[in-house]
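I have placed the structure first, in the form of structure tokens, so that the comments after it can refer back to it.
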Amino acid sequence: MNMQPLSDKLTALQQQRLTSLVREGESLLYAAPCGGRDSSPHVVKKNSFWARLLGKKVGDNVSVSATADSFFAITAKRVILVEGDTEPREWYLMLGLIQDFKQYDNGNGDIIFEHTLNEAGERTPMGLLNIADAAKVHTLLGSAIDAAYNASPWSV
């Protein structure tokens, strides 16, 4: 798949951080900036039924905001998500990793790997949110998952 070089997509600081995250012998397939958790167009911030019942107002939920330093990388073995100065999240490539894929009219989209629950019981999607060229990244990720599975000792 022909995608733009990494130098065109990531800042120098992001490239430096990415270099420190990629392990020796691990091949980098793709990296690009992403919008992070709060920039996805489908995320609706609302309180749960119990929060409303107990008198909490809509908007009382505190969420982590993504910074301009958010980016992701896909290697031959894992997906790495970096959001600002927080500890990077990683998911190893395996069958069933992609739980949901949503593409928007502007070409951006979400590749959801899991959901987290906050203290109010609301599900928040985790994964590659609000990424450009979502369909291409989804295809690349699917191919990488297949290749990782076929390279595993338990595949026949």
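The values are calculated or read from the model by the stated rules, or taken from the named source; none is laboratory data. From a predicted model like this one, the values you see are computed outputs, not experimental measurements. Glycine also receives a Cβ, built like all others from the backbone with ideal geometry; neighbour counts cover every protein chain displayed.
For residues in segment 50-93 being over 23 Å from Asn130 (Cβ atoms) and part of a loop (DSSP other than H, G, I, E, B), which is modelled with the lowest pLDDT?
Ranking the candidates gives Asp60 first.
Anything in segment 100-150 that is in contact (Cβ under 8 Å) with a residue 24 or more places away in the chain and in a loop (DSSP other than H, G, I, E, B)? List them, or say none.
Within segment 100-150, Tyr104, Gly107, Asn108, Asn118, Ala120, Gly121, Glu122, Ala132, Asp133 qualify.
Here are Asp146, Asp133: which of them is charged (D, E, K, R) and closer than 14 Å to Gly35 by Cβ?
None of the others qualify; the one that does is Asp133.
Any idea which residue in segment 94-122 is modelled with the lowest pLDDT, counting only those that are of a type in the set (Gly, Ala, Ser) and within 17 Å of Lys136 (Cα to Cα)?
Gly107
Can you spot a residue in segment 104-111 that is closer than 30 Å to Leu13 by Cα and of a type in the set (D, E, K, R)?
Let us first name the residues in segment 104-111 that are closer than 30 Å to Leu13 by Cα, namely 104, 106-111.
Retained after the next criterion (residues that are of a type in the set (D, E, K, R)): 110.
Looking through segment 104-111, at least one residue is closer than 30 Å to Leu13 by Cα and of a type in the set (D, E, K, R).
For segment 23-42: of the residues being at pLDDT 90 or above and outside any loop (DSSP other than H, G, I, E, B), which is surrounded by the fewest Cβ atoms within 10 Å (Cβ to Cβ)?
Among residues in segment 23-42 that are at pLDDT 90 or above and outside any loop (DSSP other than H, G, I, E, B), the one surrounded by the fewest Cβ atoms within 10 Å (Cβ to Cβ) is Leu28.
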